[in-house]
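Working notes, beginning with the structure itself.
The values are calculated or read from the model by the stated rules, or taken from the named source; none is laboratory data. The shown structure was predicted, so the numbers you read here are calculated from the model rather than taken from an experiment. Here the Cβ positions follow ideal geometry from the backbone for every residue, glycine too, while neighbour counts run over all protein chains shown.
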Amino acid sequence: MTRNGTGDTEALRAEIQRTRVELGETMEALAAKADVKKRLKSSADQARERVRDQAAMTVARVRAQTGLRREMSADGARGGPAPFVALAAGAVVAAVILAIIQGRRR
């Protein structure tokens, strides 16, 4: 402690400043949690990205299977409906996910 109690005053001011900073950070975190519209948009964007990724993977698989079927057909083997079934299944999955996303927005 110094003369006139200035050491205590400075320590108290530093503590008040730290408390203000912590309070500001807490308020920003609460404001972000309270912004429901922004959180829903973020969630929808993430779901949209997952659907795009799944669709790209499904298209790649269908193309790979179609290429294999063509090779088999060229060799005399009969190609089945598997690529079309996979494509239809992927379309159904994408439609269901989009319907869920649209339902959440309402």
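Does any residue in the stretch 38-60 that is within 30 Å of ALA82 (Cα to Cα) come within less than 8 Å, Cβ to Cβ, of a residue that is assigned to a helix (DSSP H, G or I) and of a type outside the set (A, V, I, L, M) six or more places away or on a different chain, and which pairs are these?
Here the result reads GLN54/GLY90; ALA55/GLY90; THR58/GLY90; VAL59/GLY90, each pair linking the stretch 38-60 to a residue that is assigned to a helix (DSSP H, G or I) and of a type outside the set (A, V, I, L, M).
I need the full set of residues from the stretch 34-53 which are of a type in the set (D, E, K, R) and surrounded by 10 or more Cβ atoms within 10 Å (Cβ to Cβ), in order please.
Passing the criteria: ASP35, LYS38, ARG39, LYS41, ASP45, ARG48, GLU49, ARG50, ARG52, ASP53.
So that you can scan it fast, the table gives a plain yes or no per residue for (1) assigned by TED's automatic domain parsing to the domain that holds PHE84; (2) assigned to a helix (DSSP H, G or I); (3) of a type in the set (Ser, Thr, Tyr); (4) in contact with a His (Cβ under 8 Å, 6 or more places away or on another chain):
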site	(1), (2), (3), (4)
THR9	no, yes, yes, no
ARG20	no, yes, no, no
GLY24	no, yes, no, no
LEU30	no, yes, no, no
SER43	yes, yes, yes, no
ALA47	yes, yes, no, no
ARG50	yes, yes, no, no
ASP53	yes, yes, no, no
VAL62	yes, yes, no, no
